[in-house]
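Please read the structure below before turning to the comments.
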Amino acid sequence: MQMADDLRHAGWPAREDIIAILAEVGQRPPELVSERIDSLELARLVYEMEYRYDVHLDLTDERLVQMSTVGGAADVVRAARAAADG
């Protein structure tokens, strides 16, 4: 699976990856995606990351709060991936 192979690349996901997913699920151009992620967008983002990239995100409340921004979401997913890789 190509998308799963993308997980092996350093720095995944980049801010641009998060923005692209939010733009797609929100049916808007990437330039209209704000830095702030609301709760509905966050639920869709977590679902899309797990589905598209075949990863499981076991998120604590603290990490969910951190994911309220695009940059925070990218950081949390990178950390979860690094922990899973051992």
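Coordinate-derived values only; no laboratory data. Bear in mind the structure is a predicted one, so any value in this text is a computation, not a measurement. All Cβ positions, glycine included, derive from the backbone under ideal geometry; neighbour counts span all protein chains shown.
Any idea how far apart E31 and R44 come out in nm if each label point goes 7 Å out from Cα toward Cβ?
Roughly 2.1 nm, to one decimal.
Treat every Asp and Glu Cβ in the stretch 2-85 as -1 and every Lys and Arg Cβ as +1, leave all other atoms uncharged, and give the resulting dipole magnitude about the Cα centre to the nearest 20 debye. Please report the intermediate quantities before stating the final value.
Details: 9 positive and 17 negative charges, 16 e Å.
My answer is approximately 80 debye.
List the relative contact order of the chain as a percent without decimals, with contacts defined as Cα pairs under 8 Å and 6+ residues apart. Please report the intermediate quantities before stating the final value.
Numbers: 69 pairs, mean separation 30.6, N = 86.
Answer for the chain is 36 percent.
What number, in nm² with one decimal, is the all-direction average of the projected area of the convex hull of the alpha-carbon atoms of the chain? If you can, show how the numbers build up before the last one.
Working: hull surface 21.1 nm².
In nm², the orientation-averaged hull projection of the chain is 5.3.
Calculated from DSSP H runs of 4 or more alone, at -39500 (n - 2.57) each and per residue, what is the 222 nm mean residue ellipticity of the chain, nearest 500?
Details: 5 runs with 54 residues, N = 86.
Result for the chain, helices only: -19000 deg cm²/dmol.
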